[in-house]
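The structure appears right after this line, and notes come after that.
FYI, it's all coordinate maths here, none of it is from the lab. Worth saying up front: this structure is predicted, and the values here are computed from it rather than measured. Ideal geometry is used to build each Cβ from the backbone, glycine not excepted, and the neighbour counts take in all protein chains shown.
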Amino acid sequence: MSETVIECVAQIAAPPEQVWATISDTRRYAEWVENTDEVVSASADVAVEGVTYEERNTVAGPVKGRSRWVVDSADAPRHTVHSGEGIAVVKGMRLEMTLAPDGDGTRYQHRLIYTPALGPLGPLVNLVLRPSVQRATIRGVANLKAICEREARA
């Protein structure tokens, strides 16, 4: 089964260091990541390499789950990669967040990569899952943009 890539890019009117501070605080993920209902635990306040965190999630529609994540790399304030597990309908979850200076602001790229699980049923499940995750990702990145821009003005 091939990987599914969900990608969203936004121009954020806030400096990369500020956007980085928001995305590296895993405790704040429920504020902006659409599918994160709650960050249940985190092994540290800042997402640096080796930090782990656990979430309660809405997978799609009424389907709930619990995911566990580890920060595989963190190159402040440019790029971080997290790998996750625990959502029954997918395997091999990876989250890549990349920031680049863009004038006075930041170009933010959010990529979620996963492989559908459930063997031969995986492609069918992904027909429903992918559009739902895509919409949630777009809303999540819009939430991040709004938070960072509001905090930059404060």
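Taking the longest Cα principal axis of the chain as reference, the axis of helix 122-153 is set at about 10 degrees. Computed from backbone phi with θ = phi - 60° and the Karplus coefficients 6.51, -1.76 and 1.60, the 3J(HN,Hα) list for segment 93-110 is 6, 9, 10, 10, 10, 10, 10, 9, x, 9, x, 8, x, 9, 8, 10, 10, 10 Hz; x is used for glycine and proline. Label-to-label distance, VAL63 versus ALA44, with points set 7 angstrom from Cα along the beta-carbon direction: 3.4 nm.
Considering only TYR53, GLY86, TRP69, and ranking their Cα positions along the charge dipole of segment 39-90 that arises from unit charges at the beta-carbon of Lys, Arg, Asp and Glu, the one farthest toward the positive end is GLY86. Of the residues ASP72, ASP104, ASP25, the one that moves most in a GNM of the chain with alpha-carbon contacts below 10 Å is ASP104. Which entry in (i) 48, 29, 25; (ii) 48, 37, 26; (iii) 89, 47, 22 matches Cα extents along the principal axes in Å derived from the coordinates of this structure? Correct label, based on the coordinates given: (i).
Modelled label positions at ALA117 and SER2, each set 7 Å beyond Cα in the direction of Cβ, lie 2.3 nm from each other. Our estimate of slack between ASP37 and GLN11, defined as 0.36 nm per intervening residue step minus the Cα-Cα distance, is 6.8 nm.
Please give the contour-minus-distance gain from ASP72 to ASP102: 0.36 nm per residue of separation, less the Cα-Cα distance, rounded to one decimal in nm.
Going from the current span to full extension adds 8.2 nm.
Overall, segment 4-153 carries a charge dipole of about 540 debye about its Cα centre when +1 sits on the Cβ of Lys and Arg and -1 on the Cβ of Asp and Glu, all other atoms neutral.
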